[in-house]
1. Considering only residues of segment B:35-62 that are in contact with a strand residue (DSSP E or B) (Cβ under 8 Å, 6 or more places away or on another chain) and either in contact (Cβ under 8 Å) with a residue 12 or more places away in the chain or open to solvent by less than 80 Å² (accessible area, probe 1.4 Å) (or both), which is nearest to B:GLY126 (Cα to Cα)?
2. How many of the residues in segment A:436-451 are more than 7 Å from chain B (Cβ to nearest Cβ) and touching a Gly at 6+ places or on another chain (Cβ under 8 Å)?
3. Within segment A:243-352, which helices (runs of 4 or more DSSP H) (wholly inside it) include 3 or more residues that are within 29 Å of A:HIS117 (Cβ to Cβ)?
4. Does A:LEU10 satisfy the criteria of being assigned to a helix (DSSP H, G or I) and surrounded by fewer than 16 Cβ atoms within 10 Å (Cβ to Cβ)?
5. Right, B:GLY268: free of Cβ contacts under 8 Å to residues at least 24 places away in the same chain and either part of a loop (DSSP other than H, G, I, E, B) or under 19 Å from the mean Cα position of the chain (by Cα) (or both) or not?
6. Every residue in segment B:14-34 that is hydrophobic (A, V, I, L, M, F, W, C), touching a helix residue (DSSP H, G or I) at 6+ places or on another chain (Cβ under 6 Å) and either surrounded by fewer than 19 Cβ atoms within 10 Å (Cβ to Cβ) or free of Cβ contacts under 8 Å to residues at least 24 places away in the same chain (or both), please.
7. Which one of these is more than 7 Å from chain A (Cβ to nearest Cβ), touching a residue at least 40 places away in the same chain (Cβ under 8 Å), among the β-branched types (Val, Ile, Thr) and over 21 Å from B:GLU253 (Cβ atoms): B:VAL104, B:VAL73, B:VAL79?
8. Could you pull out the residue among B:ALA118, B:ALA110, B:ALA124, B:ALA140 that is small (Gly, Ala, Ser) and more than 9 Å from chain A (Cβ to nearest Cβ)?
Amino acid sequence: MNLSFCIVLLAAWGAIGIAGLARARSIEFVGRLLFPLGALVGFALALCALTSFALPPEQLVLPIGLPDLPFHLRLDALSSVFLMLLGVTSTGVSLFAAGYFRKGEGTPPGLLCLQYHLFLAGMGLVLLADDAYSFMVGWETMAISSYFLVVSQHRLPEIRRAGFLYFVMAHVGALCILLSFGVLQGGDWQLTFDSMRGTKLTPFTASLAFFLALIGFGAKAGLVPLHVWLPEAHPAAPSPVSALMSGVMLKTAVYGVLRVTFDLIGDPAWWWGLIALALGLFSAFYGVIFAAVQTDMKRLLAWSSIENIGVIFTGFGLTVIFQGLGMGALAALALIATLYHCLNHAVMKSLLFLGTGAVLHATGQRNLGRLGGLIHRMPWVAWLTLVGVLAIAGLPPLNGFVSEWLLLQSFLFTDEVPRPFVNMLLPVGAAVVALCAALAGYVMVKFFGVIFLGQPREAALADAHDASLLERIGLGWLAFACIALGLLPVQVIGLLDATSFELLGATLGQRATEWWLLAPTPTGAASYGPFAFLVVAALIITATLYAVSRLYHRRVRRGPAWDCGFARLDSRMQDTAEGFGQPIRHIFAGFFAVERELPVPDDLAPRYRVTVSDRIWRGAYEPLGGLVSRVADLFAVLQRGRIAAYLLFSFVTLLVLLALVL
Amino acid sequence: MSTFGLLAQVLEIIAAVLAAPLLLGWVNQCRAWLQNRSAPSLLQPWRGIRKLFHKDAVLAENASALFRTAPYVVFGTMVLAAAIIPSMAMHLPLSIAADSIALVGLLATARVFLALAAMDVGTAFGTLGARREMMIGFLAEPALLMVIFVAAMISHTTSLAGIAESLTGQDLALYPSAAFTAVAFLLVLLAENARIPVDNPATHLELTMIHEAMLLEYSARHLALMEWAAALKLFNYACIGFALFVPWGLAAEGAGPAGLLISIPALGLKLLLAGAGLALIETVSAKLRVFRASEFLATAFLLAVLGLLVHLLLGA
C-alpha cells in the first residue's frame, strides 16, 4: 500500500516536471504553482516513509521498461530512512526554490522545473529499486538531470568545466557500481536484488563486490580521493540544486553502500570496515581543513560536505567492523549514528546552502571577502542560517550534536573487540572525530561571522534585501527539522531501530524509561537529555535576564565602536576570510599546496594573493588527465577525415573478425 | 527525584555562581603575594562585577541583537555546566541530562557564541580575538575529550558523576594513564581559561591578547556577565578536574545532608590548593607566542593519546 503510494508520488514529481514545459517561460506558473506542488509531494513522501518503518517490506513488479526487464521495486526500513530524508529535505528546498528562480538566468524556468523534478524522482527510484536494472536507470536519471542543473548557467566557461568534471566522475562511479552488480549476480545473470541476496559469494568475490561498490558510491558521495568534483560542482549549481545535491544526492550513495554491504552481500568481513573507516576519517579531516581555508562560501560548504561524508563513512566503517566481528549491539549503535548523521546532514547542509542562495541573490556575491554585516539587512536569513550553523558545528541541543555523540559513544565502549590491534586503533579514530568536530566549529564561526556579522565589506551590500516569504518558509522548515531532530533523538532512534534490525539483526533498544532521555548504552553509562538541557538553559537565561533588569536597569546607549580607542575604524580592518583561515593553513601546512604573491617593498600598487589548492588534484588528477589526453591523441592518428581511409579500416576489421570466427 | 536532590541541585548552582568570582579573587591574591605585590581583596572580582552592573551599557552603533544576547547565552551555558558537573554531590537530578561529552559540547556552545559576538561589531581586535579563540578551542577540545575518554574507559561510563563514583568507590589506586591525562588536562585548563602561558588575563592593549580582545566592545552589565561567565568557566574546569582526578569528598548518592557537610569543606580546600597552584604556574612561566600555542596544545593532545594507549596496553 505504502509502496504504491510512493510510486504515485514519484510519478507526480515527474508529471509536475513535464507540466513545467507547458509554460516554460512563465515564472509565475512554475514558481508559484509547480514548485509548491512539488514541495507538497515531498511532504507526502516524508509522511509515507514515516509510516512505513514499522511495516514489513513490500515488493512490487512494474511492467515498464524493456520487455524482459520489468522494474522490481521494494520498500523496506532502509529505503524508508532515505525516503524520509528525501521527502523532508525536498519539502524545504522546493519551497525555497519556488521563490528563488528568477527571470533571465540561464536555463528557462520550465526546463529547470523538469530537470529538478526528474532529479527528485530519479533519487526516489534509486531508493525504491529492487533490481540492478531499475537501480541504474534511477541512478543515471539522477546523474544526468543533476548535470543539466549544474550547468544551468552554461554560458560561463568555468561552469561548463565544473559540469564536465562532475559528469566524468559520476560515470566513473556508475561504471564501478555496474561492475559491482556484475560480481554480485554470481554468474546466473539474474539482476534482481532478491537473487543477489541468495547468491553465495566466495570471500574474494565478496571483497571485490564490496570494494567496487565502495569506489563507485564513494565517487558519488565525495569520499577523498574521489572528492574533486564536489568543490567545483556545488558552487556552480543554483543554490536549491546545491542543497539537494549535497543534502540528498550524496546520501543516496550512502544508501547504496549500505544496501550492497549489509543487504546484498549480507555478511561483511570486518577488515573492510577498517578500510572504510580509514577513508572516512581521512575524508573528514581533509574536508574540514580545506573548508577552513576557502574564500567562496559555497565552496566552503562543499568541502564541509566532504567532511560530513567522511564522518558518515567513519560510522559505516565502524558498523562493518562490529558486524563482521559479531558484536551486534555495538554495530547497531554505530549504524544508527551513521543514519542519524545522514538525516542531520541532509537538513542542516540544505539549510546552509539555501542561506547562501538567499545571500547570493541579495548581493550577487559568493566571495566571502565582499560580504559582511548582513544580519542587519537580512535578519530572517541570518537567524535561520544561524540555526544550521550551530547544528553543523555540533553544538547541543541541536541535531548535529546527537549524531556526533552517538558516534563517539560507539567508539568508546570497544574494550571487548577481539582484535587487540583494532582495539588500539579505534580510540585514535575517536580522537580524529573529536578533532574534526572541533574544526567544524571553527569553519562555521568563519562562515557565519564573515557573511553575516561585522561591517559590510562593500558599499553595495547596503541595498541587500531579505529573502521572500516562500524562501523564508523553506528555510524555516529546515531549521525546524534541525531543532526537532536535535530535541527528539529517542523518537527518531525508535524509527531507525527498525532499519538496524532489518540490516544487522540487532537493535539499540531504548533502555531508559523517560521519553526525553537518550541512553543507548547500559543504564548509567551514558545519557543525554536534550530537552532537559534546553529547558534548564532557557530557564537560567530568562532568570538572569529578569534579575538583571529588575535589580539594576536596562539603559542602553549607542556609540561608535571603541576598538581600543582607535578612531578611524573601517571595514577593511576586519579579518578577511583568508585571515580567518590562516591559523589552519599555518598549523596543517603540509596538506595544502599554497601559492603566495607577496608585494615587494618598492611596489607602488602592492597586491597580496594567496591561492590554496588541493594536492590530490595536482598530484593525481592532472597527471591522469594528461595521460588520457595523450592516449586520445595517439588514437587521433586514425582520424584522417577521408572516407576512403575509414572504409579501409572497416574492411580490415571485417577481415580480422572473419579470420577470428572461421 | 527526591526533594533533597532538587535542593542540593539548586544549592550547587547558587554556590557555583557565588564562589566563582571568589576563586578568581583567590588566584589573583596568591599571584600578587608570589610576585611580592600587595594583594587586592578576595572580594575584588565581586566589586568589579557589582560596579559594572550599575553602569549604563554602551553598544557599538552596528551591534546586532546577537551581540546583546550572547552574554546571557554564555552566562547561561556556564551556569548549566556548573549544574551538571558534580562539584559537591554525585547524581544530582541534572547530571543524567548530560554526560561528559555533552558537557564538552556545552562549553563549545559558549565558545562559539563568544566568538560570534566578538565578530559582530567588526573591529580588528574583535575578529582577531575570535579567530584565536576558535584556534585554541579546536586544539583544546579534542585534547579534553581524549582526557575524558581515558577516564570513561577506566570506569566504563561517560557520565562525569559515574566516573567520580567509580574512582571513589575503589581503593586508592594510581593509574599510570591518569598521570599523562592529568598533565594534558592541566594544559587544556590553562589554554581554555586564557591563563599564562597561552593568554594573559591581566593585560589589555597587547597584540597577543585573546580572551580580552573579544570582550573589548562590551561594557556595563554585558561585560559583567561575560566576566562572571569567565570566572564560572575557571570554576567549572577546576571542578571537572576534581571529578576526574581527585573526586574524594564528593557526597555519594543517598548520603543526604550529612554528605554535604563533608563535601563543601572538601571542595573549598581543593579550590584553595588549585587556585594557589594556578597562581604559581602563572608566576613561573612566561607567555608563549600565539603560534606556539598550537604546539602547546598539540602536546596536551599527544599526552592524552599516550594516556589512552598506556591504558589500553597496561589495562590500567
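1. Ranking the qualifying residues of segment B:35-62, first place goes to B:ALA60.
2. Residues in segment A:436-451 being more than 7 Å from chain B (Cβ to nearest Cβ) and touching a Gly at 6+ places or on another chain (Cβ under 8 Å): 6 in total.
3. A:250-258, A:297-324
4. No, not satisfied.
5. Numbers: free of Cβ contacts under 8 Å to residues at least 24 places away in the same chain: yes; either part of a loop (DSSP other than H, G, I, E, B) or under 19 Å from the mean Cα position of the chain (by Cα) (or both): yes.
Answer is yes for this residue.
6. B:LEU34
7. Matching residue, one of B:VAL104, B:VAL73, B:VAL79: B:VAL104.
8. Working: B:ALA118 fails: more than 9 Å from chain A (Cβ to nearest Cβ); B:ALA124 fails: more than 9 Å from chain A (Cβ to nearest Cβ); B:ALA140 fails: more than 9 Å from chain A (Cβ to nearest Cβ).
Checking each option against the conditions leaves just B:ALA110.
The values are calculated or read from the model by the stated rules, or taken from the named source; none is laboratory data. Remember, it's a predicted structure, so these values are computed and weren't measured experimentally. FYI the Cβ positions are ideal-geometry reconstructions off the backbone, even for glycines, and counts take in every protein chain you see. Side chains included, ligands, DNA and RNA excluded: accessible areas come from the protein's heavy atoms. Shrake-Rupley method; radii C 1.70, N 1.55, O 1.52, S 1.80 Å.
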